[in-house]
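S.K.: Sending over a structure as structure tokens; questions will come in a sec.
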Amino acid sequence: MSEQKTIQTDLFVIGGGINGTGVALDATLRGLDVVLCEAEDLASATSSASSKLVHGGLRYLEQYEFKLVKEALKEREVLLKKAPHLIQPLRFILPHAKHLRPVWMIKAGLFLYDFLAGKMSLDKSKKVALKGTKEGQGLIDDFSVGFSYSDCRIDDARMVVANAKQAQENGAKVLLPYRCIEAKKIDGLWRAKLINKENETIIVEAKAIVNAAGPWVAQLIHEVLDTPSKSSVRLIKGSHIVVPKMYEGDHAYILQNKDGRIVFALPYGFVSKTENQFTLIGTTDVNYQGDPRDVHISDKEKHYLCDLINGYFKQKISLQDIIWEYAGVRPLYDDKAKKASEITREYHLELEDEHGKLPVLSIFGGKITTFRTLSKKVVDQLKPYFPEMRPCVTDTVPTLGGDMESLDQLLIALNRRYQWLDTKLAYRLATAYGTKVFNILEDAKSTADLGQCFGHYFYEAEAKYLINEEWCHSLESMIWRRSKLGLWLNPSQKQALEDWLKQQLN
Ligand SMILES: Cc1cc2nc3c(=O)[nH]c(=O)nc-3n(C[C@H](O)[C@H](O)[C@H](O)COP(=O)(O)OP(=O)(O)OC[C@H]3O[C@@H](n4cnc5c(N)ncnc54)[C@H](O)[C@@H]3O)c2cc1C
């Protein structure tokens with residue numbers, strides 16, 4: 001029988017989504033010893049299924065979620081500075097549909113949105129003409145005016161990986177794929193049992209636990225940690241589709257529907273600062289009861305999204321145009337709201353301990369946008385148990401790869417050092433890895449030095465970096481989470497890559 005490994009630590013974080021990795025990074029930078037475990041892959045659940053926006057959430061103003069919107073808008077500025085490679089400004093156009101929300105309401109909402117953001121580097125909202133303009137050229141003739149406002153786009157899954165890697169570089173242990181199946185209080189410590197797919201086990205002995213299991217937060221509380229809980233979670237499914245580019249321009253659309261819901265049409269698959277190849281459309285809001293691992297978009301949702309888009313754009317789409325789709329569930333804090341779209345988007349933290357010791361803190365809800373402030377609050381709440389802990393620094397420390405003056409400066413530096421590098425590849429690498437791109441390209445003098453090409457400028461050097469540095473252990477992880485190369489590679493290229501990957505992992 002193989003010997004069982006035991007790791008001792010201050011803080012044990014369960015879940016490798018945006019919140020778990022955010023907490024692990026924050027705690028590590030404050031001097032705590034941290035272990036994080038993830039059952040499948042980093043960002044394998046909700047954190048790779050978002051609308052990929054760093055935003056206040058204009059529509060949440062209608063639910064009077066002013067506190068949340070303000071926190072998220074302020075955080076937008078912080079994240080833009082910390083991670084200029086992963087986050088870029090995005091201009092939204094809201095076409096005015098006469099029979100839906102009145103102009104005064106939209107104007108008031110946008111004014112409030114800008115006001116809550118406070119001092120901002122992004123352009124403020126304004127009225128825009130849609131007839132004969134770039135902003136309106138893809139739309140049907142019914143729309144003559146609209147409004148524009150600012151938010152940002154983000155690579156959600158890469159932000160998760162950047163957090164995990166940065167936590168690791170600062171001393172955290174990241175264990176994956178390892179599922180936590182049991183945690184008990186024994187001799188003044190939490191004793192957690194982790195297991196992987198080969199039935200290898202690891203024991204983690206910790207002074208505190210953070211339950212960042214997202215959609216599984218309640219299951220973890222009741223079945224793994226066996227602790228009491230006053231809170232429950234509501235799972236709300238949201239789905240997206242990706243189609244070939246529907247309109248020219250690098251702006252996004254926020255579209256109102258007759259049922260009161262809104263849907264985004266977002267430029268996706270950027271190959272340069274302004275040029276993109278796809279349109280990402282989402283999202284729906286549906287109550288969900290099934291297994292959070294097995295969540296899929298239904299045909300009904302696909303028709304809903306296509307019908308809405310066809311009511312706005314000249315170019316029509318149908319289910320046959322969909323080249324990729326994904327769905328995820330929001331693990332929302334259950335405030336007993338009736339409609340899925342009305343449940344609070346505020347996060348909720350629940351802390352339990354035993355006579356001032358052995359805390360376990362469970363995270364309900366949250367947004368990609370607010371992961372850093374959420375993580376700060378989580379670690380702040382653990383201060384009484386770790387009085388020697390240093391103050392939070394994540395507001396100023398750049399995200400991994402974000403230590404640059406600007407994305408433009410990084411692109412210039414890349415062009416100077418690797419003059420042979422294709423501009424599309426340079427843009428993709430810079431926006432995925434930031435300054436870590438130099439660890440991939442190293443001293444390469446031509447594309448031949450990057451090794452085998454698997455298609456769409458994806459070379460062996462990058463694939464090896466993903467395996468060796470980013471815990472990448474499957475084709476899916478490589479082409480749908482660490483990158484979105486799956487959108488470009490054809491079936492035989494995917495097969496060749498899978499064969500190569502199998503050889504590398506053996
Ligand atoms: C459709 C949709 C659109 C969204 N759009 C946006 C947006 O545009 N902007 C925004 O800011 N937010 C958005 N959100 C919200 C955001 O995506 C989520 O709030 C966030 O990703 C939740 O992250 P998490 O870390 O809590 O959960 P998850 O990402 O689900 O991570 C939890 C992890 O825990 C792991 N795990 C579970 N149990 C165990 C165990 N026993 N042992 C080990 N690991 C375990 C899982 O494998 C999983 O990886 C959206 C959400 C949805 C669903």
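The values are calculated or read from the model by the stated rules, or taken from the named source; none is laboratory data. Source: prediction; values computed, not measured. Note that we place each Cβ from the backbone using ideal geometry, even for glycine, and neighbour counts take in every protein chain shown.
S.K.: Would you confirm, using the coordinates I've provided, whether T201 is away from the ligand (no atom under 12 Å from the Cβ), modelled with pLDDT under 95 and among the β-branched types (V, I, T)? Don't jump to the end; show me each part of the working.
M.R.: Numbers: away from the ligand (no atom under 12 Å from the Cβ): yes; modelled with pLDDT under 95: no; among the β-branched types (V, I, T): yes.
Here the answer is no, as T201 does not meet what is asked.
S.K.: Would you check if V243 is under 30 Å from Y347 (Cβ atoms) and in contact with a helix residue (DSSP H, G or I) (Cβ under 9 Å, 6 or more places away or on another chain)? Working first, answer last.
M.R.: Values: under 30 Å from Y347 (Cβ atoms): no; in contact with a helix residue (DSSP H, G or I) (Cβ under 9 Å, 6 or more places away or on another chain): yes.
When the stated conditions are applied, V243 does not pass them.
S.K.: Answer yes or no as to whether E388 is within 15 Å of the ligand (Cβ to nearest atom) and not β-branched (V, I, T). Spell out the reasoning first.
M.R.: Numbers: within 15 Å of the ligand (Cβ to nearest atom): no; not β-branched (V, I, T): yes.
Here the answer is no, as E388 does not meet what is asked.
S.K.: Kindly indicate the residue of region 176-189 that is crowded, with 22+ Cβ neighbours inside 10 Å and assigned to a strand (DSSP E or B) and also nearest to the ligand (Cβ to nearest atom) among those meeting that condition. If you could, list the steps in order and put the result at the bottom.
M.R.: We begin by selecting, within region 176-189, every residue crowded, with 22+ Cβ neighbours inside 10 Å; these are 178, 180, 183.
Retained after the next criterion (residues that are assigned to a strand (DSSP E or B)): 180, 183.
Details: C180: 4, A183: 9 Å.
Here the residue is C180.
S.K.: Quick check on my filter: what residues within region 190-231 are closer than 24 Å to K5 by Cα, over 27 Å from the mean Cα position of the chain (by Cα) and in a loop (DSSP other than H, G, I, E, B)?
M.R.: Within region 190-231, E198, N199, E200, D226 meet the criteria.
S.K.: Which residues, counting only those in region 122-134, are surrounded by 11 or more Cβ atoms within 10 Å (Cβ to Cβ), over 19 Å from Q256 (Cα atoms) and not basic (K, R)?
M.R.: Hits for region 122-134 are L122, D123, T133.
S.K.: Just give me the residues in region 288-327 being in a helix (DSSP H, G or I) and surrounded by 12 or more Cβ atoms within 10 Å (Cβ to Cβ), in sequence order. If you could, list the steps in order and put the result at the bottom.
M.R.: As a first pass, look at region 288-327 and keep what is in a helix (DSSP H, G or I): 299-310, 319-321.
The answer is E301, K302, H303, Y304, L305, C306, D307, L308, I309, N310, L319, D321.
S.K.: Among the listed residues T227, T279, which satisfies the condition of being within 16 Å of the ligand (Cβ to nearest atom), of a type in the set (V, I, T), crowded, with 18+ Cβ neighbours inside 10 Å and over 30 Å from P359 (Cβ atoms)? Write out each step before concluding.
M.R.: On the way: T227 fails: over 30 Å from P359 (Cβ atoms).
Checking each option against the conditions leaves just T279.
S.K.: Tell me which residues, restricted to region 54-85, are within 30 Å of L139 (Cβ to Cβ) and either surrounded by 23 or more Cβ atoms within 10 Å (Cβ to Cβ) or among the charged types (D, E, K, R) (or both).
M.R.: Initially, region 54-85 is screened for residues within 30 Å of L139 (Cβ to Cβ), giving 54-63, 65, 69, 72-73, 76, 80.
Passing the criteria: V54, H55, G56, R59, E62, E65, V69, A72, L73, R76.
S.K.: Output the residues belonging to region 1-52 that are assigned to a strand (DSSP E or B) and among the charged types (D, E, K, R). Explain how you work it out, then say what you get.
M.R.: Restricting attention to region 1-52, the residues satisfying the condition of being assigned to a strand (DSSP E or B) are 5-14, 34-37.
Of everything in region 1-52, those that are assigned to a strand (DSSP E or B) and among the charged types (D, E, K, R) turn out to be K5, D10.
S.K.: Then there's this: Just give me the residues in region 115-172 being in contact (Cβ under 8 Å) with a residue 60 or more places away in the chain, part of a strand (DSSP E or B) and more than 16 Å from the ligand (Cβ to nearest atom), in sequence order. Full working, then the answer.
M.R.: The first filter runs over region 115-172 and keeps only residues in contact (Cβ under 8 Å) with a residue 60 or more places away in the chain, leaving 116-117, 134-135, 137-140, 143, 148-167, 169-172.
Keeping just the survivors that are part of a strand (DSSP E or B) gives 139, 148-154.
Within region 115-172, L139, S148 qualify.
S.K.: Within region 495-506, work out how many residues are in contact (Cβ under 8 Å) with a residue 12 or more places away in the chain and surrounded by fewer than 17 Cβ atoms within 10 Å (Cβ to Cβ).
M.R.: Here is the first cut: in region 495-506, the residues in contact (Cβ under 8 Å) with a residue 12 or more places away in the chain are 496-498, 500-501, 504-505.
Subsequent filtering for residues that are surrounded by fewer than 17 Cβ atoms within 10 Å (Cβ to Cβ) retains 496, 498, 500, 504-505.
Total meeting the criteria: 5.
S.K.: If the requirement is being assigned to a helix (DSSP H, G or I), surrounded by 19 or more Cβ atoms within 10 Å (Cβ to Cβ) and away from the ligand (no atom under 16 Å from the Cβ), which of these qualifies: T373, T431, T435?
M.R.: On the way: T373 fails: away from the ligand (no atom under 16 Å from the Cβ); T435 fails: surrounded by 19 or more Cβ atoms within 10 Å (Cβ to Cβ).
Going through T373, T431, T435 in turn, just one is assigned to a helix (DSSP H, G or I), surrounded by 19 or more Cβ atoms within 10 Å (Cβ to Cβ) and away from the ligand (no atom under 16 Å from the Cβ): T431.
S.K.: If you check E346 against the conditions, is it over 23 Å from G17 (Cα atoms) and of a type in the set (D, E)?
M.R.: On the way: over 23 Å from G17 (Cα atoms): no; of a type in the set (D, E): yes.
For E346, the condition - over 23 Å from G17 (Cα atoms) and of a type in the set (D, E) - is not met.
S.K.: Among (1) in contact with a Ser or Thr (Cβ under 8 Å, 6 or more places away or on another chain); (2) surrounded by fewer than 20 Cβ atoms within 10 Å (Cβ to Cβ); (3) farther than 19 Å from N19 by Cα, where does Q137 come up short?
M.R.: Against the list (1) in contact with a Ser or Thr (Cβ under 8 Å, 6 or more places away or on another chain); (2) surrounded by fewer than 20 Cβ atoms within 10 Å (Cβ to Cβ); (3) farther than 19 Å from N19 by Cα, Q137 comes up short only on (1).
S.K.: Return the residues of region 94-120 that are under 27 Å from the mean Cα position of the chain (by Cα), crowded, with 16+ Cβ neighbours inside 10 Å and small (G, A, S); say none if nothing qualifies.
M.R.: Selection gives G109, A117.
S.K.: Looking only at residues that are hydrophobic (A, V, I, L, M, F, W, C) and closer than 20 Å to G356 by Cβ in region 177-189, which one is nearest to the chain's Cα centre (by Cα)? Even if it seems obvious, please write down each step before you answer.
M.R.: The initial filter retains those residues of region 177-189 that are hydrophobic (A, V, I, L, M, F, W, C), namely 180-181, 183, 186, 189.
If we keep only those that are closer than 20 Å to G356 by Cβ too, we end up with 183, 186, 189.
On the way: A183: 28, I186: 36, L189: 32 Å.
Across region 177-189, the extreme among qualifying residues is A183.
S.K.: OK, next. How many residues, within region 423-459, are acidic (D, E) and in contact (Cβ under 8 Å) with a residue 12 or more places away in the chain?
M.R.: Keep residues of region 423-459 that are acidic (D, E), which gives 442-443, 449.
When the remaining residues are screened for being in contact (Cβ under 8 Å) with a residue 12 or more places away in the chain, the result is 442, 449.
Matching residues across region 423-459 total 2.
S.K.: Of the residues that make up region 6-25, is at least one surrounded by fewer than 23 Cβ atoms within 10 Å (Cβ to Cβ), more than 8 Å from the ligand (Cβ to nearest atom) and of a type in the set (A, V, I, L, M, F, W, C)? Working first, answer last.
M.R.: Just the residues of region 6-25 that are surrounded by fewer than 23 Cβ atoms within 10 Å (Cβ to Cβ), to begin with: 6-10.
The next check asks that each one be more than 8 Å from the ligand (Cβ to nearest atom); those that pass are 6-10.
So of that shortlist, the ones also of a type in the set (A, V, I, L, M, F, W, C) come out as 7.
Yes: region 6-25 contains one or more residues that are surrounded by fewer than 23 Cβ atoms within 10 Å (Cβ to Cβ), more than 8 Å from the ligand (Cβ to nearest atom) and of a type in the set (A, V, I, L, M, F, W, C).
Residue-wise test of (1) farther than 18 Å from C152 by Cβ; (2) away from the ligand (no atom under 11 Å from the Cβ); (3) not acidic (D, E).
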{"residue": "D41", "(1), (2), (3)": "yes, no, no"}
{"residue": "K52", "(1), (2), (3)": "no, no, yes"}
{"residue": "G56", "(1), (2), (3)": "no, no, yes"}
{"residue": "Q63", "(1), (2), (3)": "yes, yes, yes"}
{"residue": "A72", "(1), (2), (3)": "no, no, yes"}
{"residue": "H85", "(1), (2), (3)": "no, yes, yes"}
{"residue": "P89", "(1), (2), (3)": "no, yes, yes"}
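S.K.: Restricting attention to region 410-428, which residues are assigned to a helix (DSSP H, G or I) and out of contact with any strand residue (DSSP E or B) (no Cβ under 9 Å at 6 or more places or on another chain)? If you could, list the steps in order and put the result at the bottom.
M.R.: Within region 410-428, the subset assigned to a helix (DSSP H, G or I) is 410-417, 423-428.
L410, L411, I412, A413, L414, N415, R416, R417, T423, K424, A426, listed by residue number.
S.K.: Now for a different question. Of all residues in region 234-248 being out of contact with any Leu (no Cβ under 7 Å at 6 or more places or on another chain) and in a strand (DSSP E or B), which is surrounded by the fewest Cβ atoms within 10 Å (Cβ to Cβ)? Walk me through it before giving the result.
M.R.: The first filter runs over region 234-248 and keeps only residues out of contact with any Leu (no Cβ under 7 Å at 6 or more places or on another chain), leaving 235, 237-239, 243-248.
From what's left, in a strand (DSSP E or B): 235, 237-239, 243-244.
Details: L235: 22, K237: 24, G238: 23, S239: 24, V243: 23, P244: 13.
Going through the qualifying residues, I end up with P244.
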